[in-house]
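One structure below.
The values are calculated or read from the model by the stated rules, or taken from the named source; none is laboratory data. Quantities reported herein were computed from a predicted structural model and do not represent experimental measurements. Backbone-built Cβ (ideal geometry, glycine too); neighbour counts: all protein chains shown. Calculation scope for accessible area: heavy atoms of the full protein, side chains included, ligands and nucleic acids excluded. Shrake-Rupley method; radii C 1.70, N 1.55, O 1.52, S 1.80 Å.
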Amino acid sequence: ALIEQVWRQAKVVSPLHPPNFVNPRVYDRTGADPVAPEEMQPGLTLVTSMWDGPDGWGPEVRLMDRAGRPVHTWRLDPRSLFPDSLDQRRIGRRYIHGSHLEPDGTLLVNFGQVGTVQVDACGDVQWRRAARSHHSIERAEDGTYWIPGSSKTARRTTAAHPEGFPGLDKPVYHEPILHVSADGEVQDRLNVLDLLYANDLERYIAEAFQPQAKGKGPQTKDITHMNDVEPLGSSLAGEHPLFDAGDLLVSLRNLDLVFVVDPGTRTIKWHADDPFLMQHDPDFLGDGWIGVFDNASDFTFRGTMLGGSRIVALQPHTDSVEVRFPTPQSDSFYTAAQGKWQQLDNGNMLLTESRAGRVVEVTPEGRTVWEWIIEPYSDRYVPAVTQATRYALSRTDVAAWPCSSVEATPAAR
């Protein structure tokens, strides 16, 4: 036990071999700061990251109040959740990418490139699906889920392209859009490369990888790197003239491409690759608008080349574009990779500055009204926060969950 303790401490203090879930520390402060609590969107915030615990650093999901105090916690070990994997060492390094919380405390999480699992409020497994998935989990109004998938090995062909894809002479990863039932069964798969080629959008592959191709095609297997799939609900469909309920909004990071596809006909109705770079998390906003987390990744530590990460809104039926964040009133904000955002009911935005381990709520004018920064891994490093989502839940709601240790109070504090 003493040897293990020394080994763990050595890992923490060693700057030469930091674990894959940490990044250089940006902020010297930690915890929550309710700058203007009267302007915050009510509710509790679900945060996914890595925290230290009795068994060392591991994946954890915390539902916290505005003071940053955990109201409910799920400690999840991918090795025990996916015991049949042949590569337990690799799985042990995986962290949670996407999550979704149901009102009764049921939680779904994605372990990157491993699979999806649903647990109850006590953390007991309800179902697991080792269909290699990653990034977002989005619930459709019929109770099913849309999840980005990935492939275990690279390959050249699909059933739709038995001779391979023109220009892609080397094997590449094939990412399916997974439609998953409420009990975890995969109902449908839409191969992203098939969609691009069938809708004459393969030119975006050539455009994205032209500098490295030199007549030999892309020099990477990770062509698309899908990171979000969001269905359009019927309540918003009437506000989006070009689309219909059930259409899917998809983000392909490595192509800087966002598109809307009808999953039934496989027809891509709209697409855009400008003005974002390495984007994440496009959302249907209503009034015809689509909001995108534009990472604006550049070659600098804090985005000083391109000005930092942004929230960009596009209105496809009018070709209008707005930058909704940052504004002249905004604090510095940048994450070269990962990142999430949420349009809140009161007009505010909840932004996840993943690589910096920070979550911030801002007004429509860009002013910070709430901030939370995760406790650091060491003096030099901080764990990435992969997602933060505000839920319309109170401590009273959580007190009714099984395994809850919360005392009911009138509202979240």
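Please go through segment 377-390 and give me each residue that is open to solvent by 40 Å² or more (accessible area, probe 1.4 Å) and within 25 Å of the chain's Cα centre (by Cα), ordered by number. Before you say what the answer is, go through the steps one by one.
Of all residues in segment 377-390, those open to solvent by 40 Å² or more (accessible area, probe 1.4 Å) come to 379-380.
Within segment 377-390, just ARG380 meets the criteria.
Put simply, of VAL359, VAL385, VAL398 the only residue that is in a helix (DSSP H, G or I), modelled with pLDDT of 95 or more and under 19 Å from LEU101 (Cβ atoms) is VAL398.
Can you say whether ASP319 is among the acidic types (Asp, Glu), more than 23 Å from MET40 (Cβ to Cβ) and out of contact with any Asp or Glu (no Cβ under 9 Å at 6 or more places or on another chain), as far as the supplied structure shows? Yes; evaluated as a whole, the condition is true for this residue.
Considering only residues that are outside any helix (DSSP H, G or I) and touching a residue at least 60 places away in the same chain (Cβ under 8 Å), which ones fall in segment 196-210? So that I can check it myself, show each step before the final result.
Restricting attention to segment 196-210, the residues satisfying the condition of being outside any helix (DSSP H, G or I) are 199-202.
Selection gives ASN199, LEU201.
Within segment 358-375, is there a residue that is within 18 Å of the chain's Cα centre (by Cα) and under 25 Å from LEU255 (Cα atoms)? Scanning segment 358-375, I find no residue that is within 18 Å of the chain's Cα centre (by Cα) and under 25 Å from LEU255 (Cα atoms), so the answer is no. Only one entry in LYS221, LYS216 is at pLDDT below 95 and in contact with a Phe, Trp or Tyr (Cβ under 6 Å, 6 or more places away or on another chain), namely LYS221. Considering each residue of segment 98-109 in turn, at least one proves to be at pLDDT below 95 and not aromatic (Phe, Trp, Tyr).
Quick check, is ALA313 within 22 Å of HIS97 (Cα to Cα) and within 23 Å of the chain's Cα centre (by Cα)?
Details: within 22 Å of HIS97 (Cα to Cα): no; within 23 Å of the chain's Cα centre (by Cα): yes.
So ALA313 fails the test.
Scanning segment 20-54 for residues that are under 16 Å from ILE96 (Cβ atoms) and assigned to a loop (DSSP other than H, G, I, E, B) yields ASN20, PHE21.
Matching residues to (1) in contact (Cβ under 8 Å) with a residue 40 or more places away in the chain; (2) surrounded by fewer than 21 Cβ atoms within 10 Å (Cβ to Cβ); (3) more than 21 Å from the chain's Cα centre (by Cα):
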{"position": "ALA121", "(1), (2), (3)": "yes, yes, yes"}
{"position": "ASP124", "(1), (2), (3)": "no, yes, yes"}
{"position": "SER133", "(1), (2), (3)": "yes, no, no"}
{"position": "THR144", "(1), (2), (3)": "yes, yes, no"}
{"position": "ALA154", "(1), (2), (3)": "yes, yes, yes"}
{"position": "LYS170", "(1), (2), (3)": "yes, yes, yes"}
{"position": "ASP194", "(1), (2), (3)": "yes, yes, yes"}
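Which of the residues spanning segment 1-56 are modelled with pLDDT of 95 or more and of a type in the set (Val, Ile, Thr)? Answer for segment 1-56, where residues must be modelled with pLDDT of 95 or more and of a type in the set (Val, Ile, Thr): VAL22, VAL26, THR30, VAL35, THR45, VAL47, THR48.
Please go through segment 89-147 and give me each residue that is among the basic types (Lys, Arg) and more than 21 Å from VAL385 (Cβ to Cβ), ordered by number.
Restricting attention to segment 89-147, the residues satisfying the condition of being among the basic types (Lys, Arg) are 89-90, 93-94, 128-129, 132, 139.
Listed by number, the residues that qualify are ARG89, ARG90, ARG128, ARG129, ARG132, ARG139.
If the condition is being among the β-branched types (Val, Ile, Thr) and in contact (Cβ under 8 Å) with a residue 24 or more places away in the chain, then segment 372-396 contributes ILE373, ILE374, VAL382, VAL385, THR386, THR389.
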